[in-house]
Amino acid sequence: MKRLLLLVFVGILAKAGWSQKPTLTYYLPDEAYDKTIPTPEEVLGYMPGEWHVTHDQLVHYMQTLAAASDRISIEVTGRTYEHRPLLLLTITSPGNHRQLEALRREHLALTDPEMASRLVTDKMPVVVYQGFSIHGNEPSGANASLLVAYYLAASKSRAVEKLLDETIILFDPCFNPDGLQRFSTWANMHKSQTLVSDPQSREFNEVWPRGRTNHYWFDLNRDWLPVQLPESRARIRTFHRWKPNVLTDHHEMGSDATFFFQPGVPQRTNPLTPRRNQELTAAIARYHAEALNEIGSLYYSEENYDDFYYGKGSTYPDINGGIGILFEQASSRGHLRETDNGLLSFPFTIRNQVRTALSTLKAAHELRKELLDYQRDFFAEAAREGAADPRKAFVVGSTDRSRLKAFCEVLDRHQIEAYRLKRPVANGNRSFLPEHSLVIPLAQKQYRLIQALFDTSTEFADSIFYDISAWTFPYAFGLDWTDMEGRWDASLQGERITADQLAPPVPDVPASPYAYLMPWTDYYSPAALWALLDEGLRVKVATEPFTMDGKRWAAGTLLVPVANQDVDAGKVQEIVRQVAQQTRIPFEGVGTSHTEVGIDLGSRNFAALEKPRVAILGGDGAVSYEVGEVWHLLDTRYHMPVSILDATAFGRYDLSRYDVLVMPHGSWFTLDERAARKLKEWLDEGGIVIAWKGALRWLDRHELADLNFVDLDKPEYLKKRRPYGKLAADNGGQVIGGAIFEVEADLTHPLLFGYDHTRMPVFRNHNYMLHVADNPWATPLVYTESPLLAGYISDYNLKHLGGTAAAIVCGQGRGKVIAFADNPCFRAFWYGTNKLLANAIFFGQLISSRAVER
């Protein structure tokens, strides 16, 4: 493979892309084109590469192209958070368009083992899904899509006509409309008439949060498996509607690099990916090499990038019977940039993307039968493997139907079949009841994807990962689960069920003249509490359990008294009923304060709650992903208005407007001593800071939190002489890039209200470790002695992590710093720990001053 991918460098070619206006033949083959098909320049008024295309311009051109060509149909598959359309062009021959639905159904039959054996693939079209610029500030892909779409619509060559006869192209010109719009505005507003190539110039240095991410600052190229965001949901619907044979994902990387295409690092391929997948990936790579050799572009493969985490666009197809291809082009960032390889122009970056998009189509067309046969074999083999798997099925359960429903939504989106549990199942101290559980049989065509979702591997061929090493979904959603090896009985499996059928019923709330109780066990309980407080109702929370009318109510139960409200009993009942209907959380009316066991409703152990005024600290020094994760949770799931403050302007803010400040991970280099003094004054007056990871270092360094970090030295083998060639592997192997661990929880603590297991999984992707606090009541979460549940961690780090603190409450004046070791909102799919943040926001005020570290 390496010998085949011969590197050729012609530096003059990059210069040619900027010293004069690029032409169509700079980008595309010099051949005959249909004059009735408008070029990008004719519609936009400029040649791609002269300016960065904005998303609205991109949409306009694609709509114009589709209207002019009988090779293209266009549809809107969804909308972004900023309501931009997510476009999908279907590009194929007019004849195929006339029978498109029949071709789609025939293609899907390849994934059905019972039907696939009767199909002949010799004359079936291959399906290719081409997507561009999932990171908005990696724009060469989206700009290249203008030219590729034009070429496919306008080329009159016989080769293109034959390709379209035998290929169906699903064409997404921009995976991330909101990010592309943000970045294109930045790049265009800083463009000079005389191009500036100085990398220190403002053109090349976006302001925070930059254009990589979507509206809520998520990396969309990590959401193919979690499918929590609207852009991802639209993509996955398209993917499973067609199940493409090849999916390409066009990216950019650092400016001093060249061009990368897969295969990635061989030993870092996920072991669930069949070897034949990598063989076909290598076969396709030869076409990319040929295309880039032809124009003299440098490139490489089998380095840096891997095929391990199935939540990326280039790996998700690998576990779904297709071939995922990652392209990474060195980024010009603006229009012309100095690099180690000379001047890098924006047109040059676009051309490489155009040529590899076309080489993909050529490869898929010429390898058509091999790709179709591989797809058929993949699903047939998966069905056989699933039927033979001794585990037979997974049973997943939770009394929180909202989290169980959210988990089932993921299954539905990936076309994984789930069924009702017909009889109770027990596994150790875990019981699974039919009304709260799902059965996921392994004998189904998505068997391999099920394996990926439930994988708990802790041993790997390599110790370096491009992204996370574990993502076990039942852990992420905080669910109980077990396999059924040795205990399976087919009669346990009931009827098929989907997420919609798991939605809790709309509760009826009979009027009460006295008070209403609401459990704190549902995922959306914080949304209900916020709604009650926002309506001006007085709400209390039980800090201890009690039993009433034979029913046990846990600590965290909410009490809405009817008396002493600012509204009459009828309005209280109206508000409670409305909140119950919106959140589907049941309220119970009661007519007395008396309980059979535990605290009475009039007890001082029912604490009054204040409506929290919340701000998130962001800006330079903060990791935008983690700021966005908090914003997304509070805004879209709890429906709480939240202010985002910029750290660079911290000195100008009136902090008295806020009760709670969330400080996610970051270096916080923009916050100086004056900022620390200001924050201390606010804490002294009773403010609450909720922070994690790198933010804890800053708080500790400025003596705002009394934290004792574990001093991680080096493993013994790194204290000795080592080969230079082992440098990257030795250092990379000590990084905790993303794994799942077990913590022990104090369920009596306000931070754990709503949880019912003394042990729970958390996600960790960093090396910060905290000693347990000296105050015996200040550490409500502690890593177990053997905490690893799934993923990679070095033996040295694992030894030190066991027994460390996962949460500590520190005191500062009348205020508190609630220090989480880990991010409780990871990538929007770590539902199981979201309530830790909610509890800190709503109940942090309740934590006794005697139970904080000072």
Phi to ³J(HN,Hα) by Karplus 6.51 cos²θ - 1.76 cosθ + 1.60 over region 392-400, Hz, x for Gly, Pro:
6, 6, 10, 10, 10, x, 6, 6, 8
If you add up the charges near H190, with Lys and Arg at +1 and Asp and Glu at -1, over every other residue whose beta carbon is less than 15 angstrom from its beta carbon, what do you get?
+2
CD proxy at 222 nm, helix term only [per DSSP H run n ≥ 4: -39500 (n - 2.57); per residue of the chain; nearest 500]:
-9500 deg cm²/dmol
Set the Förster distance to 60 Å, then compute FRET efficiency between D568 and N188 from the Cβ-Cβ distance, nearest 0.05.
0.55
Packing rank of 799-806, 748-755, where each peptide gets the mean count of other beta carbons within 10 Å, highest leading:
748-755, 799-806
Show log10 I(q)/I(0) for the chain at q = 0.07, 0.08, 0.09, 0.11 Å⁻¹, two decimals, from a solvent-free Debye sum over equal Cα scatterers.
-0.59, -0.77, -0.97, -1.36
Assuming 0.36 nm per residue, please report the length gained on full extension of the stretch L712 to S643 beyond their Cα-Cα distance.
21.2 nm
Rounded to whole Å, give me the distance from the Cα center of region 712-754 to that of region 301-373.
32
Over region 429-536, give the accessible area per residue in Å² for a 1.4 Å probe, as an integer.
39
Identify the residues of region 238-260 with backbone N under 13 Å of a label point that sits 7 angstrom from the Cα of E75 along the Cα-to-Cβ direction, or state none.
238-243
Under a point spin-label approximation (7 Å from Cα along Cα-to-Cβ), what is the D684-A102 distance to one decimal in nm?
8.1
Express the carbon and sulfur contribution to the solvent-accessible surface of the chain as a percent, rounded to the nearest whole number, probe 1.4 angstrom.
48
Shape of region 118-172, Cα gyration tensor, a/c cut at 1.5:
oblate
Testing the spin-label approximation: label points 7 Å from Cα along Cα→Cβ at N293 and D549. State their distance in nm.
8.0
Cα shape, region 452-566, gyration tensor, a/c 1.5 rule:
prolate
My understanding is that a pair violates if its Cα-Cα distance is over 30 Å; which of K726/K799; K445/K726; K312/K362; K680/K714; K540/K693; K191/K678 do that in this structure?
K445/K726; K680/K714; K540/K693; K191/K678
Per residue, how much accessible area does region 105-210 show when a 1.4 Å probe rolls over the protein heavy atoms, in square angstrom?
36
Work out how much length Q582 to T758 would gain on full extension: take 0.36 nm times their residue separation and subtract the Cα-Cα distance, in nm to one decimal.
60.3 nm
Rounded if a/c is under 1.5, else prolate if a/b beats b/c, else oblate: with a ≥ b ≥ c from the C-alpha gyration tensor eigenvalues square-rooted, which is region 789-831?
oblate
Here FRET efficiency (C-beta to C-beta, S794 to S157, R₀ 56 Å, nearest 0.05) is 0.55
Which FRET efficiency, nearest 0.05, do H594 and D774 yield, Cβ-Cβ r, R0 60 Å?
0.90
Show me, for region 738-746, the HN-Hα J-couplings you get by feeding each phi into the Karplus relation (A = 6.51, B = -1.76, C = 1.60, θ = phi - 60°), rounded to Hz, glycine and proline as x.
x, 9, 10, 9, 9, 10, 9, 10, 8
Starting from the Cα-Cα distance between D340 and D198, subtract it from 0.36 nm times their residue separation and give me the gain in nm to one decimal.
49.9 nm
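The values are calculated or read from the model by the stated rules, or taken from the named source; none is laboratory data. In this text, all values refer to a predicted model and were calculated from it rather than measured experimentally. Cβ coordinates were reconstructed from backbone atoms using ideal geometry, including for glycine residues, and neighbour counts include every protein chain displayed. With ligands, DNA and RNA removed, areas are computed over all heavy atoms of the protein, side chains included. Shrake-Rupley method; radii C 1.70, N 1.55, O 1.52, S 1.80 Å.
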